[in-house]
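Shown next, in structure tokens, is the structure this report addresses.
Just so it is clear, none of the values below were taken in a lab; they were calculated from the coordinates. These numbers were taken from a predicted model, which means no experiment stands behind them. Using ideal geometry, Cβ is built from the backbone for each residue, glycine included, and neighbour counts are taken over all protein chains shown.
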Amino acid sequence: MTVELRSRVPDGPIEQKWERHRFEMKLVNPANKRKFDVIVVGSGLAGASAAASLAELGYRVSCFCFQDSPRRAHSIAAQGGINAAKNYQNDGDSVWRLFYDTVKGGDFRSREANVHRLAQISVDIIDQCVAQGVPFAREYGGLLANRSFGGAQVSRTFYARGQTGQQLLLGAYQALSRQIGLGQVTMHPRTEMLDIVLVDGKARGIVVRDLVTGRIRSHAAHAVVLATGGYANVYFLSTNAKGCNVTATWRAAKRGALFANPCFTQIHPTCIPAHGPHQSKLTLMSESLRNDGRIWVPRQKGDTRRPRDIPASERDYYLERLYPSFGNLVPRDVASRRAKEMCDAGHSVVPGGHGVYLDFRDAIQRLGQPAIAERYGNLFDMYARITGENPYEVPMRIYPAPHYTMGGLWVDYNLMSNLEGLHVIGEANFSDHGANRLGASALMQGLADGYFILPYTIGDYLAQANLTPVDESHSAFRQVEAEVAERTARLLGVNGSTSVDALHRELGRILWDRCGMSRTRAGLEQAIDAIHELRDRFWKDVYVGGKGEDLNQALEKAGRVADFLEFAELLCEDALQREESCGGHFREEYQTADGEARRDDARFSYVAAWEWKGAGTAPMLHKEPLTFEHVHLAQRSYK
Ligand SMILES: Cc1cc2nc3c(=O)[nH]c(=O)nc-3n(C[C@H](O)[C@H](O)[C@H](O)COP(=O)(O)OP(=O)(O)OC[C@H]3O[C@@H](n4cnc5c(N)ncnc54)[C@H](O)[C@@H]3O)c2cc1C
């Protein structure tokens, strides 16, 4: 296969690119839309919004998710908010400022044209969601309220208490349900996509496993959309829902789709610290808390006094000290690294060395407890339930944890991968966030992709693709079904003695230690060797149990962990080749005197898009150069 990386960014002034492109793209006339079948894998914010919008346009849509209801997609967990350049606060925001902040926040490793389009569309998303009835918080006068998130000096984050994702997903879900009711969308819950099917090099369908009966079957279509979310669970412990995985995108990668920037992973600074070796999940404390919470550690190392007994003069509000302009609202990568640094230097407030305080004392004194409860009540309750401590009375204890993945399948400006007909949206694509995503911008991107971009660009593809009629009887489907069945049987056949979770936990430890918040050449090389060894052990000793023709959650997990074990190696390879520090990718060898990330724009200003070359063969790196005409390339400063 010859790989061609064409970003297809339209010509013309950046402000007009999307407008012009929409005019120049080919249209499918309304009567012809009924003749096209589109598969959407995923029912989170990206998938549900895309499936509903495509069906509304008249396409016949089949939508798949592995949960029992599309409403349970991981998007429901999003807490803090969604960005939009509405400038309701009149505090200096604009489309241009959101564009600028996002390119800078991503440490200059994203495509300018995509990010500008995202900022333009952000304002439409809010209108769409309000029209759907999403209950965003409002000011006394009735206007929608905003709060601040990291990496911005304006308040542009719209929110519904600490449940923004849930409310947005209910909006998208009701639009989806309407189309299910009208017969335009066929919903397939509890169904896992295990491979894609290419005919003449074009994506023409998927092979799935019914998670209740175990039946393996095919679905054909004219185009396939992956909206399957991110892969932070490769670290085992993360803030993601337990089911999040890399399977859909990795299987597509093994069929020729390029995987971009896999090493750009986000470690979120404010999570409840891990408390023991048997924990299976970490909990996020939303970034919105940094609006009012102040982060600090005791100045004295190993200080074991209760926080309230440590006077202000003996506290180090290190983010406010180091970054006076942004203070506690520096971007996530910066806040995470600094927390690690403080703890490594002995200032941790958690026994074992991994925690800093997030303290609301001053905000409660200033605003009163009811105001804080109104803003963050559900988050405070969640913290109290998990830790047994009352955050209205004592500071929260937090530590960074894997949270989001900026890497994903490579897509062009039309959100199509290098495989024709395979579109990728939401967290599953390599997206607009470069090397570090700013808070509240994932929901914005997922909904921009699903409601406002894909519905145009997929039409452009379908109008010109010249597709031959293909259905599930095509031999390509038989071939892939056989491969999926063989793999399932192989997983069950190992019949070893180690549980899937135990092996996954080991993988997570390797990655967290050597490809987590900071990385070195030696550590990454060790990680690659250790992953090889663990993968061999997995295929010799994993115990799955049960059978394939049944509900079998251990089997589901085993398939996902087998994919993580292959993918993890690519993640480390990517981190190894990127000899610079940028955003979430911090190579210790490349830092400034004061410990900030040192990019190397001359050598690494590109998207790293990897081609799978088969088991045991090194993957091939393709580079999409990045140019910056509108945002001046500079070392990021939040001081
Ligand atoms: C705790 C938490 C809080 C967050 N808070 C915010 C926030 O406040 N603001 C913000 O902007 N972002 C936030 N994020 C990030 C944001 O929630 C996600 O990036 C976003 O929701 C991802 O949406 P998605 O539609 O791309 O994927 P998801 O919501 O993860 O949906 C993936 C879908 O794909 C399906 N799927 C996956 N694989 C398969 C397969 N093989 N076969 C069939 N179906 C499959 C799943 O069933 C699911 O329906 C938060 C993330 C976390 C973890």
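Things to note:
- The distance linking region 293-358 with region 187-266 is 40 Å (Cα centroid to Cα centroid, whole angstrom).
- Mean Cα-pair separation over length for region 268-402, i.e. relative contact order, pairs under 8 Å, 6 or more apart, %: 35
- Among the listed pairs Lys254/Lys613; Lys281/Lys557; Lys242/Lys540; Lys254/Lys547, those beyond 19 Å (Cα-Cα): Lys242/Lys540; Lys254/Lys547
- Across the chain, the mean sequence separation of Cα contacts (distance under 8 Å, 6 or more residues apart), normalised by length, yields a relative contact order of 20 percent.
- Packing-based order for 364-375, 275-286, 249-260, using average beta carbon neighbours within 10 Å, highest first: 249-260, 275-286, 364-375
- Compared with the alpha-carbon gap, the fully stretched path from Gln365 to Val3 is longer by 124.3 nm at 0.36 nm per residue.
- Dipole magnitude of region 475-603, debye to nearest 20 (Cβ charges: Lys/Arg +1, Asp/Glu -1, about Cα centre): 260
- Descending semi-axes in whole angstrom, ellipsoid equivalent of region 91-155, from the Cα gyration tensor: 25, 15, 9
- Sequence-distant aspartates and glutamates (8 or more away, or on other chains) whose Cα lies within less than 14 Å of Lys301: Glu314, Asp316, Glu341, Asp344
- Dipole magnitude of the chain about its Cα centre (Cβ charges: Lys, Arg +1; Asp, Glu -1), debye to nearest 20: 800
- Distance-filtered residues of region 624-639 - backbone nitrogen under 18 Å, label point 7 angstrom along Ala593 Cα→Cβ: 635-639
- Distance cut-off 31 Å, percentage of C-alpha pairs in the chain lying past it: 49
- Counted over region 408-516 with a bin width of 10 Å, the fraction of Cα pairs per bin, in whole percents, is 11, 23, 27, 27, 11, 0.
- When peptides 591-598, 292-299, 579-586 are sorted by average Cβ neighbour count within 10 Å, with the highest value leading, the order is 579-586, 292-299, 591-598.
- Whole-Hz Karplus values for region 441-454 come out as 9, 6, 5, 4, 5, x, 6, 4, 4, x, 7, 10, 10, 4 Hz, taken residue by residue from phi with 6.51 cos²θ - 1.76 cosθ + 1.60 and θ = phi - 60°; glycine and proline positions read x.
- Counted charge near Asn32, where neighbours are those whose Cβ lies closer than 13 Å (Asp, Glu -1; Lys, Arg +1): +4
- Computed over region 268-402, Kirkwood Rh from alpha-carbon pairs, angstrom: 15.0
- R0 of 22 Å, Cβ-Cβ distance Asn378-Ser69: FRET efficiency to nearest 0.05: 0.55
- Two numbers describe the Cα atoms of region 143-259: Rg and Dmax, which are 18.3, 53 Å.
- Difference of contour (0.36 nm per residue) and Cα-Cα distance, Arg490 to Arg537: 15.5 nm
- Among the listed pairs Lys104/Lys340; Lys340/Lys639; Lys17/Lys86; Lys17/Lys104; Lys33/Lys86; Lys104/Lys623, those beyond 31 Å (Cα-Cα): Lys33/Lys86
- Computed from label points 7 Å out along Cα-Cβ, the spacing between Glu472 and Leu144 is 4.1 nm.
- Cα pair distances exceeding 24 angstrom across region 475-603, given as percent: 43
- Average projection area in nm² (convex hull over Cα atoms of region 437-487, one quarter of hull surface): 6.5
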